[in-house]
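One structure is given here, and the rest of the page talks about it.
The values are calculated or read from the model by the stated rules, or taken from the named source; none is laboratory data. Predicted, not measured: the structure shown is a model, and the values here were computed from it. Backbone-built Cβ (ideal geometry, glycine too); neighbour counts: all protein chains shown.
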Amino acid sequence: MSAGEMGAVHAESHAAHGGAGHPHREEYRPVFTGAVRAELDSVMTRYPTKMAALLPALWMVQRERGWVSEDAMTEVAQVLDLTPAYVKGVVTFYTMYHQHPVGRYFIQVCTTSPCGACGAEDVVRAFLEHTGTRELGVTSPDGKFTVIEVECLGACGFATPVMVNEEFHESVTPDRVADILSKLE
Amino acid sequence: MSDAKTITLTIEGRQVSVPEGTSILEAAKAAGVLVPHYCYHPGLPVAGVCRMCLVEVEKAPKLAPACATAVADGQVVHVHSGKALEARKGVLEFLLINHPLDCPICDQAGECELQDYTFAEGRSEGRLIEPKRFNPVEDFGGDVMYVTNRCILCTRCVRFMDDVAQEPVLNVSERGDRAVIGKFEGQDLTHPWSGNVVDLCPVGALLSKDFLNKARAWELDRAASVCPSCTQGCNTMVETRDNMVVRLRPRPNEDVNKYFMCDHGRLNYRWMNRPDRLEAPLVRQGDRLVATEWEGAITAAARALSGKRVHAVVSPSLSNEALFLVSRILERTQGAGSFRVERGAEAPLPGVEDLALRADRAANVIGAEMLGFQRSETPLAGLRGGDALLVVDADPSVLDANDLTRAASVVVVGTTLPEALRMAAAVLPIANMVEEEGTFTNLRGRVQRFLQARAAPGMARPSWWALGDLLAALGEPGNYLLASAVFDALAAARSEFAGMSYDSLGLRGLPVLTPSPVAR
Amino acid sequence: MGFPHKSHPKETPVLSTHFGDPEARSLSGWRARGGYRALEQALGMSPADIVNVVKDSGLRGRGGAGFPTGLKWSFMKPGDGKPHYLCCNADESEPGTFKDREIMRWTPHALIEGCAIASYAIGAETCYIYIRGEFTEPLRTVGAALDEAYRDGILGKSAMGTGKRVDMYIHKGAGAYICGEETALMNSIEGRRGTPRIKPPFPAVAGVFGQPTTINNVETLAAVPHILTNGAEWYKKMSSSSPKSTGTKLFSVCGNIARPGNYEVVMGFPFRDFLHDMCGGARPGHTLKAVIPGGSSVPIQTMQEAEATLMDYEGFVANGSMLGSGGVIVFDDSVCMVRMIARLARFYAHESCAQCTQCREGTAWVTKIMERIERGGGTMHDLDTLLELSENMTGKTICVLSDSCAAPVVSGIQKFRHEFEAHIAGKRCPMRSAAAA
C-alpha cells in the first residue's frame, strides 16, 4: 500500500461523510449556550464526574440539531473536559445518536424475531413504499423521512411497534401505515 | 511490598510462590510457563478482552482469564489442558476469520503473535466461507499507520494513549464486528511517545511508516543498546539489516523506561548509517592530510600532544570508557576538558514516573561531568594559547575558527572530520556508538552497557581502542585489549564505580554508588 | 390485570393491579391506591430489618439472573464511609420482554417507591433509573412522577421529612442492548461505552463511579413495597411449587399467540394452562410449535417441554430452558425456525459490544452461516460448525451476550434439526411459497 493510495482512501471517506474541514461548510454554532448550557450545568449536578454527563449532553445536541456532528462532538468534548476521540468512541457505540443528518421524521420499525414472526417485514416494506424512501437508511428526496429497521423496541406484545421520532406506535400493520404517515405534516 | 502475603499455587505441575494479588498470568511467567495472550501487557491496565489467556483452574466452574484472575492459595492451574487448548484454538479461529492472512506483505510477519500462536496451537484449516470484512488502511499521523483489517481489537494502543500517554486520541469505534480502532478527524498521533503503540500492537495492525517494507523480521540482527538521544538512557534494541541500522525499539527495563521509548529517540538513527565517515587514520604531510596506518597516526597524534597542556573538547555522547581515557590524558598533561550539550524541549511520558525525553539531548552528560569534564556553551573558551587541542567527536558547531587559532597543535579523534579541523596534525577514525561497546551513565546515575550492533567502516576503531593506544603512546603504562578492561580500570580509579564490571552491570545496568553530581 | 387485555381470573395481580388505569399514574391517584404507605413504614424500620424482610420473602431478581434480592442488599456495608448508589435497571431490551415498560407506563410511583425503600435499606443517597432511550413513554411517565415526588418532598434533601437525602434521577440510554448488563449499565451512566466489566470486583464493592452499588430490575424493585406492606410470609406463600421461587411474576407473551400481553401469575403456575388458557393458545387455524420462555437468550423449548413446565426458576431449568426475564416468545407452524434463529443471531451480532473476541467475531459469523442456511446455501457440515462455534462462544467471555447468541442456535439445531435439514436438502426455505422464493 503506497502513501498515495492511503491518502486517496482517506480523502474519499472524508468527502462521503462531509466531515470537518469541508471547504464550503457553514460556521459551527455552539449548542451549549444560554438555556441549553444552563440545562447541562444542572444535569452535571446529578453526577460526581463531568464525564457522566456525556450521554445527556449528546441527547441535548441531538434534540437541538437533529444529529451529532463531529463539530458537536468537539464542543461536547470541550465542555466536559474529554477528547473528541473519546466522545466519538461513545457516540459510535450507541445507535440512537445520529452521526449523519436524517429525515424530519425518523421512522424505526422493530424487526427482531418476535416482531419478525408477526409480519414486521411487511410493515417495513409498507413504510419504504409510502414514504418514497425505497431503501433502508436513505432519506426521502424531500428530506421528510428516513426509515430504518431497529432491534427490539421492547414492546414485543404490540407487534409491530414503530417509533416515529419520539412517538411510539403499537401494533402497526401494513394497512395502518398510510394513516400514520398522513398525520405527519 | 516485603510484608505482602505470599501465595503458593501450582501451575502446570510447578509449584510457585508469588505475592498476593499477582495474576495467574504473571505467576505462570514466574514459574517459567507462558500463557498465550494478546490484550494483556504488563505496562498497561488489564482489559481481559482477548480471552486468549483462558486457563483451567481446578474446581472452578469456568475457564479463567489468567490476566484478570488473582492467584489463590492451593490453586491448581492448567495452561495446556485439553479444555484450555480448545478455548485458545477457538479464539484463534475467531481472530483469523476476518484477518486478511496477508503475512507475505505484512511488516509484522516473523514477529507476530497471531502467527506464532496460530502456528503453535491454531487450526490447520479455516472454515469461513463467507466474505471477509474489509476496511481501508488509515494514516494515524505521527509515524503510525493502521491496517484495520489486521486488527484484533486488543485495545493495547487505546489503553496506552489513555492511561500511559494520557492523551486519549484513540478509541474503539462502533461495536460488534464493525468495531475498529478509531481517531478523530484532524487529531493525529502526535504525542511524543505515541510510536510505542506500534511495539505494543501484537499483530501487524499498527505499523511504523518509517520502517514500512524495509526488512523482514527474520533478516534483522539485533543488539542490546541504550538510546543515545538524551540523558534518560532508555534501553533499546538496535536492529540492523546488512549492517544498516533500520529500526530502534525499546528494550524493557523496569528501572529506566519500563517498556517504552520516545519517538525522538526511536527515529533518530539515520546518523548511525551516515556514509561520509572517516575510514582511515590521517597524518599531516605539509599542507595535506594523508591516509596512513594506525601506528604512524598514533605516533603523530602523541607527538602533537606531548609536552603541552592539552585542552579537550569532547562529545557528551562518548562512552564512559572513552571519556575515562581522555581524562587520563588530561591528568597527565594538567589539561582540562569540556563539552557542549544540545538542548531541546522536555517531553515526559505522564503514566510512568521519571520517564521523559530529556532536554539534554546527549547520552552521557552525567558520565562526562563525573569524569571531570566541564559543561559549557563555549567549550573552546578554556583553550589557552600554546595548548594542544584534542577534539573527540565533538559537534563541529562548537569549533569557532578564531578560538582554534590559539591551539599550538590539533589532534582529532572522531567519526568525521569537520572542515574547521583540517589543520589537524593527526586524525584518528573511531566507531560510532552502535559500532562499539561501552557504557553510559544516565541522568539518575545509572550505568548501562550498550553492545556493538554494526561493523565500523574501513579502519575505524572503537573509541576506547584508539584513545587507549594514544594514552599508551603518551607514556601511560599498560594497554587495553577489551572495552571491559577499560571499564575495570575506570571502576578501580573512581569510587562511584567501585566494584562494577560489565558482568555485574549485565544488560540492565546499576546505579553509581554516590548520587550523581548534577541531576537535570 | 393483564394488559392490554382484561385480567384473566387465574392471574394473581399484584404489580399489574393498576395496569391500564391512567389515574394510578399520578401521585394523588397512587396515594389513593395505597401508595407510599410502604415507604413510610420502611422509614420507621432499621435498614437491616428491611433487608431481612426482603431476604425472608424469597424475592429473587426479575431481570434474568434470579439472584436473591435481600442477599444482594446485604452486601452493602453500612458505615463504610463511602457513597452508596442504587441503580434501577430499566433498560428492558431482551427480545420478548416488555413487562418493565408496563410497570413504568402505568405505575411509575410503584417503581419510585420501591427505589426509595431500597435506597434507604442500602444506605444510598443517589439512585439512577436507567431507562432505555427507545422507551419514550416510560421516560415521560417516570419523569413526571419523579417531578411530583420531588415536589411532594418524597425525594430530595430531606426525603419524607426524615432528614435523609434521597435523590433519584433518570439516566436515558441511547440504543444498546448490552447496557442491560449491570456493569455495562454502570459504564453507560459514567459516560462510557456500554461495555461489561470484568468481575470481581462486584458492584457491591466497586460499582458505579467505583463506589458500592446495588442494581435491581424494575420488577424486582416494584415488588418491594408490596412485600413490606403484606409481609414476607404473604409473598412466600404466593408460590405453587419450589420454595426457592416465591411471589408473583410478570410474564410478557408475544409472537404467534392469540392474546399477547403481560400476565401476572404465582411462581409455579403450569405453563400449559398459561399458554393455552390464559393467553388463548394458537391463533385460529394454527398450532404452536416452539416457545422461548425467558427472553431470547434462553434455550428454545419444544411444545412438549413447555407443556410439562411449571413456571418458576427451577421449573424452566428442569425442562430444557430458563425463566430468564419472563419474556415468552411463541412460534406457531407459520414461522420458519431457521429464519427466526437467524434473525436472533443477527440481533446479538448487532448488539455485541465488541470487547471479547468470541462474541465480536462469533456472533457475526454465526449470523452469516445461519442466514446462508436460511437462503438455501447451507450444508450438513455447517450444523457441526455452528455447534462447535457455539461451544467456543459459551462460558468464555466477560458477559453472557455471546452465550445468549449460542443458546437459541444450539437448542434450535437440537430440537428443530429437521427444519435445518429441510433447508439444506431443498436448497431453499420450505416455508416460503414458491412465488416468494
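Would you say residue A:111 is closer than 30 Å to residue B:186 by Cα, at pLDDT 95 or above and within 11 Å of another protein chain (Cβ to nearest Cβ)? Spelling it out, it is not the case that residue A:111 is closer than 30 Å to residue B:186 by Cα, at pLDDT 95 or above and within 11 Å of another protein chain (Cβ to nearest Cβ). Across segment B:93-149, the qualifying residues are those that are small (Gly, Ala, Ser) and more than 22 Å from residue B:218 (Cβ to Cβ), and the one among them that is nearest to the chain's Cα centre (by Cα) is B:142.
Looking across segment B:162-177, the residues that are touching a residue at least 40 places away in the same chain (Cβ under 8 Å) and out of contact with any helix residue (DSSP H, G or I) (no Cβ under 6 Å at 6 or more places or on another chain) come down to B:163, B:164, B:165, B:166.
Residue count for segment C:353-408 under the criterion of being facing another protein chain (nearest Cβ under 9 Å) and closer than 25 Å to residue B:40 by Cβ: the result is 21.
One residue is enough: does segment C:293-316 have a residue meeting the conditions touching a His at 6+ places or on another chain (Cβ under 9 Å), touching a residue at least 60 places away in the same chain (Cβ under 8 Å), more than 14 Å from chain B (Cβ to nearest Cβ) and not aromatic (Phe, Trp, Tyr)? Checked against the condition, which is being touching a His at 6+ places or on another chain (Cβ under 9 Å), touching a residue at least 60 places away in the same chain (Cβ under 8 Å), more than 14 Å from chain B (Cβ to nearest Cβ) and not aromatic (Phe, Trp, Tyr), segment C:293-316 yields no hits at all. Of the numbered criteria (1) surrounded by fewer than 24 Cβ atoms within 10 Å (Cβ to Cβ); (2) under 21 Å from the mean Cα position of the chain (by Cα), the one residue C:79 fails is (2). The residue of segment B:40-56 that is nearest to residue B:197 (Cα to Cα), among those that are crowded, with 22+ Cβ neighbours inside 10 Å and more than 9 Å from chain C (Cβ to nearest Cβ), is B:40. When the residues of segment B:58-88 are filtered to those that are outside any helix (DSSP H, G or I) and of a type in the set (D, E, K, R), the one that is nearest to the other protein chains (Cβ to nearest Cβ) is B:62. Within segment A:78-101, one or more residues are within 14 Å of chain B (Cβ to nearest Cβ), under 21 Å from the mean Cα position of the chain (by Cα), charged (D, E, K, R) and over 27 Å from residue C:432 (Cα atoms). Return a yes/no flag: does segment B:180-195 have any residue that is among the hydrophobic types (A, V, I, L, M, F, W, C) and either more than 12 Å from every other protein chain (Cβ to nearest Cβ) or touching a residue at least 60 places away in the same chain (Cβ under 8 Å) (or both). Yes. Counting only strands (runs of 3 or more DSSP E) wholly contained in segment B:394-480, the ones carrying 3 or more residues that are within 21 Å of the chain's Cα centre (by Cα) occupy B:438-441, B:446-450.
For segment C:241-264, filtering for residues that are within 14 Å of another protein chain (Cβ to nearest Cβ), closer than 22 Å to residue C:318 by Cα and not in a strand (DSSP E or B) leaves 0.
Flag: residue B:327 matches the condition of being surrounded by 20 or more Cβ atoms within 10 Å (Cβ to Cβ), among the polar types (S, T, N, Q) and in contact (Cβ under 8 Å) with a residue 12 or more places away in the chain. Annotation: residue C:228 fulfils all but one of (1) under 22 Å from residue C:41 (Cα atoms); (2) at pLDDT below 95; (3) touching a Leu at 6+ places or on another chain (Cβ under 9 Å); the unmet one is (2). Any residue at all in segment B:15-24 that is within 12 Å of another protein chain (Cβ to nearest Cβ), among the hydroxyl-bearing types (Ser, Thr, Tyr) and within 32 Å of the chain's Cα centre (by Cα)? Checking segment B:15-24: at least one residue is within 12 Å of another protein chain (Cβ to nearest Cβ), among the hydroxyl-bearing types (Ser, Thr, Tyr) and within 32 Å of the chain's Cα centre (by Cα). Residues in segment C:56-102 that are away from chain A (no Cβ under 13 Å) and touching a Phe, Trp or Tyr at 6+ places or on another chain (Cβ under 8 Å): C:57, C:58, C:59, C:60, C:61, C:66, C:75, C:86, C:88. On the stretch given as segment C:162-217, residues that are over 22 Å from residue C:47 (Cβ atoms) and in contact with a Lys or Arg (Cβ under 6 Å, 6 or more places away or on another chain) total 2. If you go through segment B:483-503 and keep only what is surrounded by fewer than 14 Cβ atoms within 10 Å (Cβ to Cβ), assigned to a loop (DSSP other than H, G, I, E, B) and out of contact with any helix residue (DSSP H, G or I) (no Cβ under 7 Å at 6 or more places or on another chain), you end up with nothing.
Yes/no matrix, rows are residues, columns are (1) surrounded by fewer than 20 Cβ atoms within 10 Å (Cβ to Cβ); (2) at pLDDT below 95; (3) among the polar types (S, T, N, Q); (4) part of a helix (DSSP H, G or I):
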position: A:136; (1), (2), (3), (4): yes, no, no, no
position: A:142; (1), (2), (3), (4): yes, yes, no, no
position: A:147; (1), (2), (3), (4): no, no, no, no
position: A:177; (1), (2), (3), (4): no, no, no, yes
position: A:181; (1), (2), (3), (4): yes, no, no, yes
position: A:184; (1), (2), (3), (4): yes, yes, no, no
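Residues of segment C:317-352 that are within 11 Å of another protein chain (Cβ to nearest Cβ) and of a type in the set (Gly, Ala, Ser): C:325, C:327, C:334, C:342, C:345, C:349, C:352.
Count of segment A:78-127 residues, restricted to those that are of a type in the set (Val, Ile, Thr), within 20 Å of residue A:66 (Cβ to Cβ) and either in a helix (DSSP H, G or I) or touching a Lys or Arg at 6+ places or on another chain (Cβ under 6 Å) (or both), is 4. Taking segment C:265-285 as the range and being of a type in the set (Phe, Trp, Tyr) and in a helix (DSSP H, G or I) as the test, the residues that pass are C:271, C:274.
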